[in-house]
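Engineer: Sending over a structure as structure tokens; questions will come in a sec.
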Amino acid sequence: MSEPVVLGLESSCDETSAAVLRNGRIAGHVILSQDVHELYGGVVPELAARAHLAVVDDVVRGALDEAGMTLKDVDALGVTAGPGLIGALLVGVAWARAAAFALDRPVVPVHHMEAHLFAPSLEDPEARPPFVGLLVSGGHTLLLHAEAWGRYRLLGQTRDDAAGEAYDKVAKLLGLTYPGGPQVERLALDGEADRHPFPRPMLRGDQRPGDPDYFDFSFSGLKTAVANQVAELEDDDRLDQERAHVAAAFQEAVVETLVAKTMRAVEVTDCRRVLLGGGVSANRGLRQTMRERLGDSGTVFRSSPRLAVDNGAMVARAAAFRLSRGEVAEDDLVADASLPFPGLRFDEDAGNPGG
Ligand code: KG4
Ligand code: ZN
């Protein structure tokens, strides 16, 4: 039996994207990144919402054209309902609701971070639970154990800045434009990390499972350390010659911390399948270090860079799962900037399996 055709719509931040999923495969996909934010060094919420509104019709049409379909061929509409920027989310949700009403089709609300979990499965059917999931994006850093699709145990999260946010802030300090992650990564290739020994945030050898900070992350102190270093180098007129080294040292500190905490989760859950999701999972250093540390007895699942950052295909994929469980929205669906992660439970014992 063929699976329902799902249109996925993503507008939670600064990408407007739509995708058509037919029999579990991407039949059409358009991702439009807003470049207006480059001017301001970060996403300006009001501008993001307006830009989504200006292009959403064309983005959906583009995805349908590529699939050789029209809206009438779509069986259900999946849309990111949160978390994200409220004005930006509203554009997608209002669009999906209107289309669903006109076509008499269901709308399936999708949680943006759960969609990131589904992204690798678009390219690799093996990328399914059980796995230890590390979600690293511009707004979130989450470490979880996925026991099954829809059943997740939260192990750790960031206490302040998200990993992607740290990349973007450091990029700004180094004079690079937004979004900073890919540029810091490129610059770091020409640098030597050991020239600037930055701290490994919230990573100490004396932490034990059950400690409240065993799995948690914190990146704001690292950002401050980089800011202080940059200010010092600027005073000495040495920033230009040290820029790549600072980028490399910052990246090593972030990657080392993310990988070390993920490996703790691997040990505690005894699950050697690791899934990387979110924009920062496009980082080659993170992927390589994760693979090396996990070794041959483990598997790292991750998307190609295009599907690692925000996109409509992962939304369609997550929507297909929720639809298969009959989870469709009522008529009163609204966008929710802080939508709770569905099926995610915080387990007090998460880090303390031995009691
Ligand atoms: O998942 P995503 O596209 O959007 C959010 O949900 O936030 O993630 C965007 C974040 C940005 O902070 C961006 O700088 C970061 O992912 N990013 C990267 C790389 N590509 C994107 N960070 C490090 N290395 C990369 N190659
Ligand atoms: Zn995202």
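Engineer: Computed from the mean reciprocal separation of all distinct C-alpha pairs, what Kirkwood hydrodynamic radius does segment 62-135 have, in Å?
Structural biologist: On the way: mean 1/r = 0.0707 Å⁻¹.
Computed over segment 62-135, the radius equals 14.1 Å.
Engineer: Amide H of Leu339 versus every other amide H placed in the peptide plane: which residues, excluding those fewer than 5 positions away on the same chain, fall under 5 Å?
Structural biologist: Amide H neighbours of Leu339, under 5 Å, 5+ apart: Gly84.
Engineer: To the nearest 10 degrees, how steeply does helix 284-294 sit against the main Cα axis of the chain, on a 0 to 90 scale?
Structural biologist: For helix 284-294, the angle is close to 80 degrees.
Engineer: Taking H placed 1.01 Å from N in the peptide plane, check which residues at least 5 places from Thr158 or on another chain put their amide H under 5 Å from its amide H.
Structural biologist: Thr141, Phe217
Engineer: Taking K and R as +1 and D and E as -1, what net charge do the other residues with C-beta under 14 Å from the C-beta of Asp35 add up to?
Structural biologist: -2
Engineer: Let me ask you something else. Where does the chain land at 222 nm, in deg cm²/dmol rounded to the nearest 500, when only DSSP H runs of n ≥ 4 count, each adding -39500 (n - 2.57), divided by all residues?
Structural biologist: One gets -13000 deg cm²/dmol as the mean residue ellipticity at 222 nm.
Engineer: Can you give me the long-range amide H partners of Gly28? Hydrogens built in the peptide plane at 1.01 Å from N, cutoff under 5 Å, separation of 5 or more residues or another chain.
Structural biologist: Here the answer is Val20, since their amide H atoms fall under 5 Å of that of Gly28.
Engineer: Treat segment 249-355 as a sphere of radius equal to its Kirkwood radius over Cα pairs and apply Stokes-Einstein at 37 °C in a medium of 0.692 mPa s; give the translational diffusion coefficient in µm²/s, rounded to a whole number.
Structural biologist: 198
Engineer: Right, something else. Starting at the first residue of segment 269-276, write each ³J(HN,Hα) from the Karplus equation 6.51 cos²θ - 1.76 cosθ + 1.60 with θ = phi - 60°, in whole Hz, x for Gly and Pro.
Structural biologist: So the J values, rounded to whole Hz, are 8, 6, 10, 9, 10, 10, 10, 9.
Engineer: Across segment 330-344, in residue order, what do the Karplus-derived ³J(HN,Hα) couplings come to in whole Hz, using 6.51 cos²θ - 1.76 cosθ + 1.60 with θ = phi - 60° and x for Gly and Pro?
Structural biologist: 7, 5, 9, 4, 10, 6, 9, 4, 10, 3, x, 5, x, x, 9
Engineer: Regarding segment 1-102, what whole-number volume in Å³ per residue does the convex hull of its Cα atoms give?
Structural biologist: Output value, Cα hull per residue: 94 Å³.
Engineer: If packing is taken as the average count of other Cβ atoms within 10 Å, what order do 233-243, 286-296 fall into, highest mean first?
Structural biologist: Per-residue Cβ counts within 10 Å, averaged per peptide and sorted highest first, yield 286-296, 233-243.
Engineer: Which of the peptides 40-47, 220-227, 304-311, 129-136 is most tightly packed, and how do the rest follow, going by the mean number of other Cβ atoms within 10 Å of each residue? If you can, show how the numbers build up before the last one.
Structural biologist: Values: 40-47: 15.1, 220-227: 17.6, 304-311: 21.0, 129-136: 24.9.
Most protected by this proxy first, the peptides run 129-136, 304-311, 220-227, 40-47.
Engineer: So in the chain, what percent of DSSP beta bridges are antiparallel if you round to the nearest 5? Let's see the in-between values first.
Structural biologist: Working: 25 of 45 bridges.
Close to 55 percent.
Engineer: Another one. Let me check the size of segment 14-162 from its C-alpha atoms; what are the radius of gyration and Dmax in Å?
Structural biologist: Answer for segment 14-162, Rg first and Dmax second: 16.4, 45 Å.
Engineer: Right, here's the next one. How are the C-alpha pair distances of segment 110-268 spread across 5 Å bins, as whole percents from the shortest bin up?
Structural biologist: Final binned percentages: 2, 9, 17, 20, 17, 14, 11, 6, 3, 1, 0.
Engineer: If you don't mind, there's one more thing I want to ask. Of Thr262, Ala166, Pro201, which is farthest towards the positive pole of segment 147-276's charge dipole, taken about the Cα centre with +1 and -1 on the beta-carbons of Lys, Arg and Asp, Glu respectively?
Structural biologist: Checking the options against the dipole of segment 147-276, the answer is Thr262.
Engineer: With everything on Cα atoms, drop me the angle between helix 220-235 and the longest principal axis of the chain, reported from 0 to 90° to the nearest 10.
Structural biologist: Approximately 60 degrees, to the nearest 10.
Engineer: Report the dimensions of segment 206-307 along its three principal axes from the alpha-carbon atoms, largest first, rounded to Å.
Structural biologist: That gives 49, 35, 22 Å along the principal axes, largest extent first.
Engineer: If I build a Gaussian network model for the chain, linking alpha-carbon pairs within less than 10 angstrom, which residue out of Gly277, Gly285, Gly84 has the largest mean-square fluctuation?
Structural biologist: Gly285
Engineer: Please report, in whole Å, how far the alpha carbons of the chain spread along each principal axis, starting with the longest.
Structural biologist: Largest to smallest, the principal-axis extents are 63, 51, 33 Å.
Engineer: Quick one: what do you get for segment 211-256 if you divide its Cα Rg by 2.2 N^0.38 Å?
Structural biologist: 1.38
Engineer: If you look for lysine pairs in the chain that are eight or more places apart or on different chains, how many of them have Cα atoms under 27 Å apart?
Structural biologist: On the way: Lys169/Lys223; Lys169/Lys261; Lys172/Lys223; Lys172/Lys261; Lys223/Lys261.
Lysine pair count for the chain: 5.
Read-outs: derived from the displayed coordinates by stated rules, not from any lab. Only a predicted model underlies this, so the values are computations on that prediction, with no experimental measurement involved. All Cβ positions, even for glycine, are placed from backbone atoms using ideal geometry, and neighbour counts span all protein chains on display.
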